[in-house]
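One structure is given here, and the rest of the page talks about it.
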Amino acid sequence: MKVSGLHVESALRSRPATCKRQHRLRFALSHCLLELESVAHAYGERQALQDFSLSVDQGQRVGILGPNGAGKSTLFKVLSGLLEPQAGTMRYRGQVIAVGEPSFRARCGVVFQSASLDELLTPLENLIVSGGFYGQSGADLQQRSKQLLKTMGLEERQHDQVGELSGGLKRRVELARALVHRPEILLLDEPTTGLDELQYRRFWADLDRLREEEGISVLLVTHRPDEAERCDHLVFLNEGRTVACGSPDVLKAQVTDSVLAVTTEAVEALTAFLEVQGIQGDWAGDRVVFSSTAGHALIPRLVESLPAGAVQSVALRQPDLGDVFVAVTGRRLEEES
């Protein structure tokens with residue numbers, strides 16, 4: 001199959017029925033913590049989720065990767081108990097549950113995309129208030145809250161007002177708050193939105209450490225390929241449907257092309273060269289990104305086809321998950337429906 005210039009092996013044609021069978025098999029053979037089966041929801045005539053199935057095992061990191069408008073927000077609302085789907089079944093530890101069921105919500109920690117801390121309270125107070133909602137109190141709650149803030153590197157800021165903290169520190173408080181009641185599964189909705197690269201790395205370092213220490217499962221909703229790389233299992237979501245699923249390595253292995261980025265002052269000449277090769281490029285000013293099965297072998301021919309000195313830079317890399325998503329759907333993760 002060839003979509004948007006990328007060649008995809010037939011094994012990647014994991015349409016909804018195939019992924020659904022995989023989820024059912026994993027549910028039957030493993031200690032499945034959470035399962036969604038054939039979940040669907042529409043807003044008027046727009047189908048936000050269509051026959052969506054998913055399973056999350058104990059201790060597993062599962063990612064939902066898709067662009068804005070793919071159905072991720074609707075799915076997260078269902079998972080976090082904010083929206084009753086119009087069809088489908090949810091199970092937790094094998095038992096059918098209703099959306100928003102207290103016993104399930106008590107087992108979930110949630111980090112929403114938008115900030116939800118009380119900025120007039122301190123980090124410690126935010127954690128204690130949250131723990132109280134789950135029936136925790138007293139010295140145990142105090143100790144748990146302080147230990148989490150210490151683990152996050154926030155011990156010296158635990159008595160400052162949240163409104164005085166940077167965006168990265170607030171995000172770490174949000175993560176600590178989501179874990180204060182010792183959940184079994186952590187739901188993350190675009191958790192690093194607005195963070196710079198240093199804050200992004202610190203957030204994930206904290207999360208990975210806490211996940212190892214506490215053995216929690218993670219369900220991540222994201223449009224970032226680099227974030228999705230951290231998962232054990234991925235589901236590609238597009239227009240409310242599962243379009244591919246598998247581990248990051250398995251998904252990437254099915255795309256046989258290399259990805260090249262070329263910067264040149266000879267835009268027209270390079271455009272003509274790519275047209276002759278049957279390659280569709282993605283231009284941004286004097287830089288073009290495209291894929292090719294020829295890989296390294298294409299570079300000398302490309303350089304020779306242009307005026308001397310016209311090529312300013314050439315970079316070759318293997319496809320990432322964003323490239324795989326384009327190959328499967330024809331859409332970029334930065335696009336909106």
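Structure above, values below:
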item: Under-5 Å amide H pairs with Ala87, H placed in peptide plane, nonlocal only; result: Ala40
item: Least to most buried among Val162, Val276 (fewest other Cβ within 10 Å first); result: Val276, Val162
item: Fewest-first ranking of Ser305, Ser247, using other Cβ atoms within 10 Å as the exposure measure; result: Ser247, Ser305
item: Which of Pro123, Val303, Gln58, positive extreme of dipole for the chain (C-beta unit charges); result: Gln58
item: Cα gyration tensor category, rounded, prolate or oblate, for the range 258-318 with a/c compared to 1.5; result: rounded
item: Check: the chain dipole with +1 on Lys, Arg Cβ and -1 on Asp, Glu Cβ, in debye; result: 1060 debye
item: In order through the range 219-234: 3J(HN,Hα) via Karplus (6.51 cos²θ - 1.76 cosθ + 1.60), integer Hz, x for Gly, Pro; result: 10, 10, 10, 7, 10, 9, x, 5, 6, 5, 4, 7, 8, 7, 9, 10
item: Overall form of the range 195-267 per C-alpha gyration tensor (a/c, 1.5; a/b vs b/c); result: oblate
item: Cβ-isolated cysteines (cut-off 4.7 Å), the chain; result: Cys32, Cys108, Cys231
item: Convex hull (Cα only) mean projected area of the chain, reported in nm² to one decimal; result: 19.6 nm²
item: Within a Gaussian network of the chain (alpha carbon springs, distance under 10 Å), most fluctuating of Ser292, Ser166, Ser38; result: Ser166
item: Ranked list, fewest to most other Cβ atoms within 10 Å of each Cβ, for Asp249, Asp257; result: Asp249, Asp257
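Every number in this text was worked out from the coordinates using simple rules, so none of it is lab data. As the structure is a computational prediction, the values presented were derived from the model and not from experiment. All Cβ positions, even for glycine, are placed from backbone atoms using ideal geometry, and neighbour counts span all protein chains on display.
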